[in-house]
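Asks: First, the structure itself, so that you have it in front of you.
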Amino acid sequence: MKISVMGTGYVGLVTGATLSEAGNDIVCLDIVEDKINQLNKGESPIFEPGLDKLIKKGIAKGNLKGSTNIEQGIVESDITFICVGTPSKKDGSIDLNYIKNASSAIGRALRHKQDVHTIIVKSTVIPQTTENVVLPIISKKSGRKRENIGIGMNPEFLREGSAVKDALKPDRIVIGHADEVALNVLKEIYKDHDCPKLECNPRTAEFIKYASNAFLATKISFANEMANMCSIWGIDFKEVAEGMGMDSRISPQFLQAGAGFGGSCFPKDVKALAAAAKSDKIGSKILTATLEVNESQPKIVIGMTKERLGVLKGKKIAILGLTFKPETDDVRESRTEIVVKELVDEGAKVIGHDPEGIENFKKIIDIETSNTLNEVVKGADCLILMTEWKEYLEMDLKSLKERMNGNVIIDGRRALNPEKVKEAGFDYKSIGLG
Ligand code: UDX
């Protein structure tokens, strides 16, 4: 099938590359020339395991290419996936400007084409956006009759770090369609996937995405609240989570307590859903609480640090982990940012380490960094673990301790082994550990 993909962020690139792998003819469209040039050289503009390989293969085979000529890309394809960003406005509500611009561009392009064209929204959008925003703009700008347009909504459930795997082997595929044209197109595109497929209307598809992300974020905040109780009552939440996870109705996933959730999806999506519910006068007590717990978790890390070090002014604190989770260079909404800002405000001397995220983090806060652990811990009064990179779980604690000035480790992810840390001579404090 001839498919154009609008937006070469991580959703657009992964969608384009995996659909080309499945044998479709793909053109990825973006106004940013540098990204398109990189793509056409067979390189991935973002760091995502497995993506480089798929892009290289698609470009070499000739069924994947990038273009800045958006109109031509749309006209020469039969299907367009909208994969542009849906950032938050200042009040947390969804900013649909990129969606509206993409819809206008599609509408304008379709004036120069006769055949039926199908538009599939993949971007995460508040329920009713596909039917009440995207479709009307495309209809108006193209001047087309409704029967000449296929319109659908097919949310992505991609995790950064395993997005290619998630796209090639999804748990489920949600086929939101407003007409038979979009239904048939999506069924054909995903015919080789043997996972469960749910057919529904676009607003249901849009909501499945939000409700899934909101549920997972709430599960994390719930785990964090339980972990905070454990800290007071002398219980290890890790064991509690293990016991809870043995119930198949609960599952062990997303029960890891710590400094909270970050990234480009959970904080933005929960805020957008809460804002939409508020503006439609339904409100959401649970989502509000989910966000509140998430905001307070990094403060607990600061509180534990102060409890151990007393006044932070002049203390040297080494931060291990700058990214919002391991195996990514993404620092968006990273909980580390909140912790570092607070420590710097208190006058501490902060030095950061991360296997992949230093460059991106320095664009937000220009702290001192080093990419060798030995260097970072030198003379430190305290280590704070903020991201559970494998490298930190395997570090040689004894030799690190010898290079430090103090002996405090604050574990913001309940990731280290308390016995081993104590054996190495550390004073260990963790979220969720009594
Ligand atoms: C998420 C969703 O999983 C994905 O389906 C959606 O499409 C986009 O958002 P991602 O943002 O890549 O994916 O990260 P994820 O692995 O889900 O983790 C999100 C955040 O939650 C991270 O900051 C992580 O550290 C935190 N988290 C996750 C916890 O604090 N505890 C957990 O048990 C799990």
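Asks: Evaluate the Debye formula for the chain with equal point scatterers sitting on the alpha carbons, no solvent, and hand back log10 of I(q)/I(0) at q = 0.11 Å⁻¹, in q order, two decimals.
Replies: -0.89
Asks: Tell me which aspartates and glutamates have Cα within less than 16 Å of residue 165's Cα, excluding those fewer than 8 residues away on the same chain?
Replies: Once the sequence-local aspartates and glutamates are set aside, what remains near residue 165 is 21, 48, 52, 156, 192, 194, 327.
Asks: Further question: Counting pairwise Cα distances across the stretch 229-365, what percent come out greater than 24 angstrom?
Replies: Numbers: 4102 of 9316 pairs.
Tail of the P(r) past 24 Å holds 44 percent of the pairs.
Asks: Related question: In Å, what is the Rg of the alpha-carbon atoms in the stretch 307-368, and how long is Dmax?
Replies: Cα only, the stretch 307-368: 11.5, 34 Å (Rg, Dmax).
Asks: For the stretch 91-235, with all protein chains present and a 1.4 Å probe, just round the carbon and sulfur fraction of the accessible area to a whole percent. Walk me through the numbers before you get to the answer.
Replies: On the way: 3550 of 6630 Å².
Here it works out to 54 percent.
Asks: With every protein chain present, what accessible area does residue 54 have (1.4 Å probe, heavy atoms only), rounded to the nearest 10 Å²?
Replies: 20 Å²
Asks: On a straight-distance basis, which lysines could pair with residue 285 in a cross-link, Cα separation under 26 angstrom, same-chain partners fewer than 8 positions away excluded?
Replies: Those lysines meeting the cut-off are 89, 90, 209, 219, 268, 271, 299.
Asks: Quickly work out the residue 171-to-residue 148 label distance, labels modelled 7 Å from Cα along the C-beta direction, and quote it in nm with one decimal.
Replies: About 4.2 nm, to one decimal.
Asks: Please report the accessible area of residue 377 (heavy atoms, 1.4 Å probe, ligands and nucleic acids excluded) in Å², nearest 10.
Replies: Taking all protein chains as shown, residue 377 has close to 0 Å².
Asks: Less than 17 Å apart at the alpha-carbon level, and either on another chain or at least 8 residues along: which lysines does that give for residue 401?
Replies: Those lysines meeting the cut-off are 315, 316, 378, 420, 422, 429.
Asks: For the stretch 138-273, state what percent of all Cα-Cα pairs lands in each successive 5 Å bin, counting from 0 Å until the bin that includes the largest distance.
Replies: Final binned percentages: 2, 9, 14, 16, 16, 14, 11, 7, 5, 3, 2, 1, 0, 0.
Asks: Okay, moving on. Roughly how many debye, to the nearest 20, is the charge dipole of the chain about its Cα centre, given +1 on each Lys and Arg Cβ, -1 on each Asp and Glu Cβ, and no other charges? Walk me through the intermediate numbers first.
Replies: Working: 60 positive and 61 negative charges, 173 e Å.
It comes to approximately 840 debye.
Asks: Enter the accessible area per residue of the stretch 158-239 (Å², integer; probe 1.4 Å; all protein chains in place).
Replies: Details: 4150 Å² over 82 residues.
Result: 51 Å² of accessible area for each residue.
Asks: Compute the angle between helix 97-110 and the longest alpha-carbon principal axis of the chain, please, reported from 0 to 90 degrees and rounded to the nearest 10.
Replies: Once rounded, the angle reads 20 degrees.
Asks: Which net charge results for the neighbourhood of residue 68, defined as the other residues with beta-carbon distances under 11 angstrom from its beta-carbon, given Lys and Arg at +1 and Asp and Glu at -1?
Replies: Numbers: positive: 35; negative: 30, 33, 34, 71.
Every neighbour counted, the sum reads -3.
Asks: In what sequence, largest accessible area first, do 329, 345 appear using a 1.4 Å probe?
Replies: Numbers: 329 45, 345 130 Å².
Final ranking, largest accessible area leading: 345, 329.
The values are calculated or read from the model by the stated rules, or taken from the named source; none is laboratory data. Bear in mind the structure is a predicted one, so any value in this text is a computation, not a measurement. Cβ sites come from the backbone with ideal geometry, for glycine too, and all protein chains shown count toward neighbours. To get the accessible areas, we keep the full protein, side chains included, count just its heavy atoms, and leave off ligands, DNA and RNA. Shrake-Rupley method; radii C 1.70, N 1.55, O 1.52, S 1.80 Å.
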